[in-house]
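Throughout, read-outs are computed from the coordinates displayed, never taken from laboratory work. These figures come from a predicted structure and were not determined experimentally. When we count neighbours, we look across all protein chains shown, and the Cβ atoms used for this are built from the backbone with ideal geometry, even at glycine.
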Amino acid sequence: MRPNVFQFVLLAFSLAIPCAAQESPFVVTYTHHMEEPGNLELETSSTVGIPRSGQTFYAAPYMELEYGVTTQWTSELYLESSSVWGDSTVFTGWRFENRYKPLRREHWINPVLYLEYESVNEASRIQKEIEGGGPDLISSNRELRGEHAHELETKLILSSDFHDWNISENFIATKNLSESEGVEFGYAFGVSRPLARLASGSNCRFCSENFIAGIEMYGGLGSTLDGFTPRGTAHYIAPVVSWAVFDNATLRLSTGFGLTDQSNPVLLRVGYSYELAGFGSRISRLFGAKR
Amino acid sequence: MKALCTAMLIFVSSLSAAGQNPSYQQDQQWIAPAAASGKPNPLTNKPETAAGGRKLFLRNCAECHGPNGAGMEKKHSADLQLPVVQQQSDGALFWKITNGNASKGMPSFSRLPELQRWQLILFLRTLKATGPAAADPAK
């Protein structure tokens, strides 16, 4: 049997070095902290919507592959699905995002430019961001999966580290290239802080230095067709926490509380990420690069 | 299967090639502003916190600088034991850890709490030269 590219990649995975992964606790809000160059982060997450009357219970698992191209550029690929209670489980599409940090040093406010291409159908419920009026939480997967969308999403990420606090704001604009929906808008805002300022000398797992807590708020801001307004759209406020379970793995938990009738009353999110250092250089060496 | 074995051999060789970096040259463009260089380390009177600094170093820095801070040639990373690094003020090192050096691939570690970055510096001061670079500080 001849080894193929897939086996090479598996080998690179197995030999890459796990490294530090104390991640931001935010699920929706992006900060200016980029993936370290050459590192690959694998994350598996799920968004679970607790329904209000007329809505359906769903779980939307997704996988992220995040790669640090340079210190200023991070790329990410998403594969997502949706499982609706009493209906079906469907693959809802993929997304490819790029984040670029134009300033090389830390500033009072650090901007990051975000561009994402989405090839998803309307059954998508991962809600990594909410734009326009939010997702359709009433129709069945069968009805929604036929409506395929090619979307271009942009974000302006502004983020500040003030002493030990991180304060981040994201402004979102999305254009559906498949239909005339105008440009849809959204926002996300988050504040977080590590629970401990000093690191202890011991390798404890449950001590406070391994936890970061915060709160984030996100929602839709209408569209150019319906008007730029927060009314009639989904909005959530969510306490969040991340726990560095191991040096190379982080668990994120978030409980979002819906603030409008268009939101789920509760949106539970859980994510587990695993970081591999030096993945890029090992892959390049596999294909003959000298360094 | 033969190719797979060869690939594994290449991997192992590449890992073992990660030696010290005695040829490290300081980036002359990467200089901390005077105001930042003058900042004192608030943990100077708490040397016991260097143990936490060691843990942070192994988690965040050892991947590129090696577990003893001697740098890695293949990563072009600084040998932190060299006088050219050790002679810098605590404030200058804090500024460099905080901002990183994007043009040389050193990421910013501003995500770490401030005191943890000072802990790292406490630990950096304990690094002792062990390799050939130590014998010739002029390098």
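General observations
- Pairs of Lys in the range B:50-139 closer than 17 Å at Cα, counting only those 8 or more apart or on different chains: 5
- Against chain A, whose longest principal axis comes from its Cα atoms, helix A:5-15 is set at around 60 degrees.
- CD proxy at 222 nm, helix term only [per DSSP H run n ≥ 4: -39500 (n - 2.57); per residue of chain A; nearest 500]: -2000 deg cm²/dmol
- Ordering of A:41-53, A:25-37 by packing is A:25-37, A:41-53, highest average first (other Cβ atoms within 10 Å, averaged per residue).
- Förster-model FRET efficiency, 25 Å R0, A:Ala59 and A:Arg205, C-beta, rounded to 0.05: 0.35
- Shielding value for A:155-163 is 1, the average number of Cβ atoms from other chains within 10 Å of each residue's Cβ.
- P(r) weight above 31 Å for chain A, C-alpha pairs, percent: 29
- Close Lys-Lys pairs in chain A, where close means Cα under 25 Å and separation is 8 or more or interchain: 6
- Shielding by partners for peptide B:110-122, expressed as the average number of C-beta atoms from other protein chains within 10 Å of each residue's C-beta, is 5.
- The relative contact order of chain A, computed from alpha carbon pairs under 8 Å that lie at least 6 residues apart in sequence, is 22 percent.
- Average beta carbon contacts from partner chains per residue of B:96-107, 10 Å cutoff: 4
- Take every Cα pair under 8 Å whose residues are at least 6 apart in sequence, average their separation, divide by the length of the range B:50-139, and the relative contact order is 35 percent.
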